[in-house]
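Note sheet for the following structure.
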Amino acid sequence: MRTIAARLVSRPARAVVAGTLLGIVPALAPWHAGGAESRASTAATTMSTTASTTASTTMSATATPAAYRRPAEATWLALPDWYLAADSQEYARFIAVQSPAEFPYFPAIGQFWSSFRTAAQVPDHATHRAATLLVGTGKTVEYVAKAAYETTVGRLTAATCSHGTTDEDRFAMQVAREYGDFVRGAPWYGFDYAGRLQALWRDTDWLGDDMLRKWERRLVLSLEYGIKGAAGWTARQVVRMRPQANAARDGAAAIQTATGTATETAIVLDKLPAPGADLGFLKGVSRLANGNVLVPRQDRAAITALATAGANFAEIAGNRAEVVLSVLAPRAWQPADDKVTVMVEAPVPVAPETKRVALSTSVANLAPTLRTLDAHAVAVERVFDY
C-alpha cells in the first residue's frame with residue numbers, strides 16, 4: 001500500500017492548478033510565444049478581409065446555385081467545434097491503450113481555447129460564439145475534474161488490479177470510441193448517454209475480478225453518463241424551443257442547415273475534370289446540370305481526390321475568399337507557400353512529436369496547397385468547406 005500511495009502523491013493537485021493556468025489563460029489572453037501574437041493579428045486581418053471579399057463576391061456573378069451557397073465565415077466558426085471532435089477521438093484512442101490517469105488533459109484544454117480565440121474574432125456571430133464558449137467551458141470543467149479524480153482515486157483503484165482491465169474499463173473505451181465517431185458529423189447533444197448508462201448496468205457483470213476497480217468504474221461512469229445525458233437533454237430542449245428566425249441568422253445554424261444543403265457542398269472547378277468526364281473514380285462526387293460538382297459535406301477525401309486528379313477550385317459553396325483546413329504535421333514543419341497562413345498550431349496531446357495546424361488560404365489556392373501537402377506527406381484532417 002505504501003508503494004501505491006507513493007505513486008499517487010505525484011502531481012494531481014499541482015497539475016490541476018498549473019494545467020488550468022497554462023492551458024486556458026494563454027489561450028484567452030494575448031499569445032506570447034513563437035510568433036503567435038502576430039498570427040492572431042493576421043487571423044483577425046484575414047477574417048476581416050474575408051468578410052469584405054465575401055460581400056463583393058455575393059454581389060458579383062457566381063456560378064454556384066443559390067441553394068448551395070453558404071456564408072464564408074462558417075469556415076472559421078467550425079474550427080473550435082472540430083478541435084472538440086478531434087480531442088474526443090484522441091481521448092478514445094488513448095484510453096484504449098493507456099490508463100485515463102495518463103491522458104494529457106490540460107494540453108487538450110489549451111488547444112481548444114487557442115482555436116476558440118481564433119474563431120472568436122469573426123464579427124457578428126455572438127450567438128454561435130456563446131454556444132461554443134458554453135460547450136468549451138463544459139469540456140474544460142470535465143477535464144479538470146477528470147484530471148483531479150483520475151490521477152488520485154482512479155490511479156489508486158487501477159493499481160489494485162491484478163487481472164488487467166475490467167468490463168467497465170472496456171465499456172468506457174467503447175463508449176468513448178462511439179462518441180468520438182458520432183461528433184464528427186453530429187452535435188454532441190445528440191449522443192445517447194442515457195442508453196449507454198442503461199447498457200452499463202445491463203451488459204456488464206456485477207461480480208468478477210478486481211471488484212474495487214469494477215465498482216469504482218461503474219459508479220464514476222454512471223455519474224459521468226448521467227450528467228452528460230442530462231446536459232444533452234437540456235440542450236436539445238433549448239434547440240427545439242429556439243425561434244427558427246433566430247436560428248437562421250445564427251452562424252451555428254448556417255453551419256448545420258445552410259438552406260437545406262447540409263450534407264453536400266457545391267464546388268466550381270476551373271479545370272479538370274472536363275465537362276462530361278466520368279467522375280465515378282472519385283467516391284461520393286457527382287455533377288450538377290451546370291457542370292459544377294457536388295461532394296459530401298466536410299469530406300476531406302473527396303476534395304483532396306479532386307485536387308490530386310488535377311482539378312482547381314474557383315468557388316466552394318459560393319465562396320472565393322479564405323478557406324480553413326486542419327492538418328497533422330511533424331513538429332518542425334512550416335508551410336513554404338506565402339499564400340498559406342498558419343492560424344493555430346499546437347502539439348497533438350497524445351502524439352507530441354506531431355502538431356495540429358489550422359491553415360487558411362484562398363479557394364483558388366486550395367487545390368495547389370492540397371497537392372503540396374500530399375507531396376510532403378502532411379496529413380489533411382479536414383477542409384472546412386463552409
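The values are calculated or read from the model by the stated rules, or taken from the named source; none is laboratory data. Model, not experiment: these values are computed from the prediction. Positions of Cβ are generated from backbone atoms using ideal geometry, with glycine treated the same way; all protein chains shown enter the neighbour counts.
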Give me the helices (runs of 4 or more DSSP H) completely within region 49-150, filtered to those with at least 3 residues that are under 17 Å from SER326 (Cβ atoms) and at pLDDT below 90, ordered by residue number. 74-95, 105-119
What is the number of the single condition among (1) under 14 Å from VAL175 (Cβ atoms); (2) out of contact with any Gly (no Cβ under 6 Å at 6 or more places or on another chain) that ASP210 does not meet? (1)
Filter result (under 28 Å from TYR91 (Cα atoms), in a helix (DSSP H, G or I) and touching a helix residue (DSSP H, G or I) at 6+ places or on another chain (Cβ under 9 Å)) within region 302-350: ILE303, THR304
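How many residues are closer than 21 Å to ASP167 by Cβ, of a type outside the set (Lys, Arg) and within 22 Å of the chain's Cα centre (by Cα) when one looks only at region 221-236?
First, pick out the residues of region 221-236 that are closer than 21 Å to ASP167 by Cβ: 221-226, 228-229.
Next, from what is left, pick out any that are of a type outside the set (Lys, Arg): 221-226, 229.
This time we only want the ones that are within 22 Å of the chain's Cα centre (by Cα), so: 224-225, 229.
Residues in region 221-236 being closer than 21 Å to ASP167 by Cβ, of a type outside the set (Lys, Arg) and within 22 Å of the chain's Cα centre (by Cα): 3 in total.
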In region 168-213, how many residues are assigned to a helix (DSSP H, G or I), closer than 19 Å to ARG236 by Cα and among the aromatic types (Phe, Trp, Tyr)? 5
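For region 171-194, which positions are of a type in the set (Lys, Arg) and surrounded by 15 or more Cβ atoms within 10 Å (Cβ to Cβ)? Give the steps one after another, and end with the answer.
First pass over region 171-194, keeping only residues of a type in the set (Lys, Arg): 177, 184.
Correct list: ARG177 only.
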Which residues, taken from region 318-364, are surrounded by 23 or more Cβ atoms within 10 Å (Cβ to Cβ) and polar (S, T, N, Q)? ASN319, SER326, SER360
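Just checking, how many residues over region 117-148 are among the polar types (S, T, N, Q), buried (at least 20 other Cβ atoms within 10 Å of the Cβ) and closer than 30 Å to SER99 by Cα?
Pass one, region 117-148, residues among the polar types (S, T, N, Q): 118, 121, 127, 132, 137, 140.
Right, trim to buried (at least 20 other Cβ atoms within 10 Å of the Cβ) and you get 118, 132, 140.
Restricting the remaining residues to those that are closer than 30 Å to SER99 by Cα gives 132, 140.
Qualifying residue count, region 117-148: 2.
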From the set of residues in region 285-298 that are in contact with a helix residue (DSSP H, G or I) (Cβ under 9 Å, 6 or more places away or on another chain) and in a loop (DSSP other than H, G, I, E, B), which is surrounded by the most Cβ atoms within 10 Å (Cβ to Cβ)? VAL285
